[in-house]
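Structure record follows, encoded as structure tokens.
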Amino acid sequence: MSFRKDFVWGAATAAYQIEGAAYEGGKGRSVWDAACNVFTEAVIMVASYLRRVTVEYEMSVLRFSVNWPRLMPHGTGDVNPDGVRFYNELIDELLKAGIEPYITVFHWEYPYDLFLRGGWLNPDSPKWFEAYAAKVAQLFSDRVKHFITVNEPQCFIGCGLYKAEHAPFLVYPPEEALTAWHNVLKGNGLATRAIRANAKGKVKVGLTIATDVLMPVSEAEEDLVMRENFVLRGDNFFNNALFTDPAILGKYPENLAEEFNANFTYDPDDMNIIRCDPDFLGLNIYHGKYVTADGKGGIRTVTPGMNMPYTDMRWTFTPECLYYGPKAFYERYHLPVYITENGVAVSEWLSEDKKLHDASRTEYIRSFLAQLKRAAHDGVDVRGYFYWSLLDNFEWKEGFSKRFGLIYVDYNTLQRIPKDSAAYYSALIRENGNNI
């Protein structure tokens, strides 16, 4: 078993989580900046702009996001020259080091000025996003060839506007949450076309979603579970079909309004905008849950045993999700797949030798990539893997309490110390995963 010869290996970051300088360089406010006036952990995020990334660990790609209000302080209108300069310098530094940049256009940094105008509920919001995406393409597509329009709408809508778990920490009624979701889908469709239309060369445009991976407890139930991975159950924005079916197939799950108990309607012609034929599908997969047949044609969740390991996020250690997840999505949509995020937070601290010996993270990487390799062997068109995250960072509502990085960050001094897992990951890259 092996990965394709042109398989890309890298790491992922997000603007708000690593850039710092929240109120410098002409940047406008985002909903997370506003939230951090209350949730004070983020106020101490004073790290300077990310100027360059080490090539010592032989990664060929880096995924990063553009901070919308850093580029366009008010969300629309004038472009911030300091923001343009920063991202140009970052892109040029990466290319100089032989690292290919993958840009995420939107990774939750929604402009606060647009939020005050209704945000994703405003019927003009898809056009706002289209104009922003067009500007990103105009500015950077002469050097950047891969663009991801949105990252995890499940989180910035489902958690941010429905469950009050992320900024702006609101609880919309189901009808309003679905309206916001629908506008994101329209914005995604318009943005996909805008990037292609404004690109200065040949580009690939995809999208990234958060996943809810179901895994069979026995191979005899695999076909059932593959189908059930996309069945909408309840008011669950994390359903695997809720974003990708409209964007790729041009239709919502049939029982959408019923499961959300919502009076949700939309113009059917909107699907002509929403369906956008992405070039690839980005999957963020961290864990999954085992299910078994319920004897009635459906499934039921299997309670984890007492020996099930849990990460510092209280997520189950289930490497098989990196087999069944990509397989389910590839069989449904037949699009090239990138694992745009996969990684682990563990409780850790420096040893007496001032190094970080993270054996559990090394085992996580090995175990999960072995399953991804199995998926590739079984015919899934897997194009690349981005470990989350390059370095310890601000983990949203968790503040600085969760460490996912390959590189340890001392938040008092901002000293960066590579962990043992970084060296292990580098060795995997060198052999294209053949030594897993």
Right, W315: in contact with a His (Cβ under 9 Å, 6 or more places away or on another chain) and at positive phi or not? no
Count of the range 100-137 residues which are within 25 Å of V8 (Cα to Cα) and surrounded by fewer than 20 Cβ atoms within 10 Å (Cβ to Cβ): 1
Spans of strands (runs of 3 or more DSSP E) in the range 327-436 with at least 3 residues of a type outside the set (G, A, S), modelled with pLDDT under 95 and buried (at least 20 other Cβ atoms within 10 Å of the Cβ): none
Checking F237 against (1) at pLDDT 95 or above; (2) in a helix (DSSP H, G or I): exactly one of these is not met. Which one? (2)
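Residues that are over 24 Å from the mean Cα position of the chain (by Cα), surrounded by fewer than 22 Cβ atoms within 10 Å (Cβ to Cβ) and on the phi > 0 side of the Ramachandran plot: which strands (runs of 3 or more DSSP E) entirely in the range 267-309 hold 1 or more of them?
Fully inside the range 267-309 and qualifying: nothing.
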Does any residue of the range 166-189 turn out to be at positive phi and in contact with a Gly (Cβ under 8 Å, 6 or more places away or on another chain)? yes
Can you confirm whether the range 40-55 contains a residue that is closer than 24 Å to L390 by Cα and modelled with pLDDT of 95 or more? no
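Within the range 336-367, track down each residue that is within 17 Å of the chain's Cα centre (by Cα) and either of a type in the set (S, T, Y) or more than 23 Å from I18 (Cβ to Cβ) (or both).
The answer is P336, V337, Y338, T340.
The values are calculated or read from the model by the stated rules, or taken from the named source; none is laboratory data. If you're wondering where the values come from, they're calculated on a predicted model, not measured in any experiment. Counting neighbours? That spans all protein chains shown, and the Cβs are built from the backbone with ideal geometry, glycine included.
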